[in-house]
Every structure is written in C-alpha cells, then in structure tokens.
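Accompanying notes for the structure given below.
The values are calculated or read from the model by the stated rules, or taken from the named source; none is laboratory data. Computed from a prediction, not measured in an experiment: that's the story for all the values here. Glycine also receives a Cβ, built like all others from the backbone with ideal geometry; neighbour counts cover every protein chain displayed. Calculation scope for accessible area: heavy atoms of the full protein, side chains included, ligands and nucleic acids excluded. Shrake-Rupley method; radii C 1.70, N 1.55, O 1.52, S 1.80 Å.
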Amino acid sequence: MKKKRLRYIGIALTVCGVLTLSVFAYKKISREIYLRNLLEENVILEIPSLNIKVPVLEGTDNKSLAVAAGHFQGTGEVGKGNYCLAGHNSTIYAEIFNDLDNIQIGDTILLIDNDSNRTTYTYIVTEYRIVSPQSTEILNDYGDDRITIVSCTDDGKNRQVVVGSKSNN
C-alpha cells in the first residue's frame, strides 16, 4: 500500500513538473516570437561589440521599455539629428543595456531603419559619461547627426550616456 501511494505521488509530482516546465517554455517561445516580430517591423539598434540587437519603439513609456529601446519623442529622426534612445539596465526589467558600461570609444553602433531598403546608419562611439537624471541637455539638437543612448547606472541613481557620431561610410 505504501509503495502504491509513493508511486502515485511520484507520478503526480512528475506531471506537475512537466506542466510547470511547459508553461515556462511556452512563455519563452512566445517572448522570442514577439521579439522577432518587433525586429522585423521596427527600427533596430545594434551594438556588435556588446552583442546587443534590439528593436526601437517610439516613446519611452514603461510598456515600450519593457521589451525594447525607446526613442525619445521630439529628438532626431533615424539617421538625422540627435536620435536619442533609452533602455533599461536592470535585472528586474528588460536587460537591454546591462553591458552598456563595457562600451569603448571607437566601438560601432548600427541603426537599421524600417524603411523598404532597411537602410543602415553607422555611428562611432565618441563619448561615454555618467550624468544626473536632471541632465536633459543630452537630448538637445547639436546641429550634427548623432545617436545618444541613455540608461541607468547599476545603482539607478544616475544615467550612463553613450554618444555616437554618424560615420560617413
């Protein structure tokens, strides 16, 4: 009788484990399909040296930043002006820019437009700095074509800023 009960408990636990793993697998697969669709339909930011490739959505609201980088409305256009982006550096939220502090001056940043040609704009990193959250001048138009990426520092108290100048290649 005891062996039979243990066998049933074992079967029940195995079934629960398989169901739990199935739910996690379904969520991961769904998230990957959603991300793949976002990459096909939107502008793409790629930083090859950091193995970052993310879609860029319009706006910096929580919904956008939960899955992608967000374009600050009112800043430059793709390939023109100061195209400013924000993204999370967090294990709680999307981990898009967790490695941003490893970027080096001279690294390449690619911005791939969602136009019919998928035009690619190349930027070279010229600046990395830490600023306070109130330093909104980083979003200003400086009269050139650049990309500005903003993310929190690890402790969340300040912002790390990466600036890339558009390459003429």
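Residue selection: Ile33 satisfies the criterion of being modelled with pLDDT under 80, surrounded by fewer than 18 Cβ atoms within 10 Å (Cβ to Cβ) and in a helix (DSSP H, G or I).
For Ala68, the criteria (1) at pLDDT below 95; (2) out of contact with any Pro (no Cβ under 8 Å at 6 or more places or on another chain) hold in every case but one, which is (2).
Please work out which residue is farthest from Phe97 (Cα to Cα), limiting yourself to region 61-77 and to residues that are among the small types (Gly, Ala, Ser) and surrounded by fewer than 19 Cβ atoms within 10 Å (Cβ to Cβ). Looking at residues that are among the small types (Gly, Ala, Ser) and surrounded by fewer than 19 Cβ atoms within 10 Å (Cβ to Cβ), I get Gly74.
Among the residues of region 76-103, the ones that are at pLDDT 95 or above and either among the polar types (S, T, N, Q) or within 13 Å of Cys152 (Cβ to Cβ) (or both) come to 1 in all. Suppose we filter Lys166, Lys53 for residues that are among the charged types (D, E, K, R) and closer than 20 Å to Leu35 by Cα; which single one remains? Just a single option satisfies the conditions, and that option is Lys53. Taking region 37-91 as the region of interest, the strands (runs of 3 or more DSSP E) fully inside it that hold 1 or more residues being among the acidic types (Asp, Glu) are 43-47, 52-58.
In region 101-169, counting only strands (runs of 3 or more DSSP E) that sit wholly within it, none holds 3 or more residues that are within 19 Å of Thr60 (Cβ to Cβ), touching a strand residue (DSSP E or B) at 6+ places or on another chain (Cβ under 6 Å) and open to solvent by 50 Å² or more (accessible area, probe 1.4 Å). With respect to the conditions (1) under 11 Å from the mean Cα position of the chain (by Cα); (2) farther than 24 Å from Ile149 by Cβ; (3) of a type in the set (Ser, Thr, Tyr), Ser64 falls short on a single one, namely (2). Return the pair list, or none, for Cβ contacts closer than 8 Å from residues in region 100-111 that are farther than 20 Å from Gly79 by Cβ and among the hydrophobic types (A, V, I, L, M, F, W, C) to residues that are outside any strand (DSSP E or B) and open to solvent by less than 30 Å² (accessible area, probe 1.4 Å), at least 6 apart or on different chains. So the pair list comes out as Leu100/Leu50; Leu100/Asn89; Ile103/Leu50.
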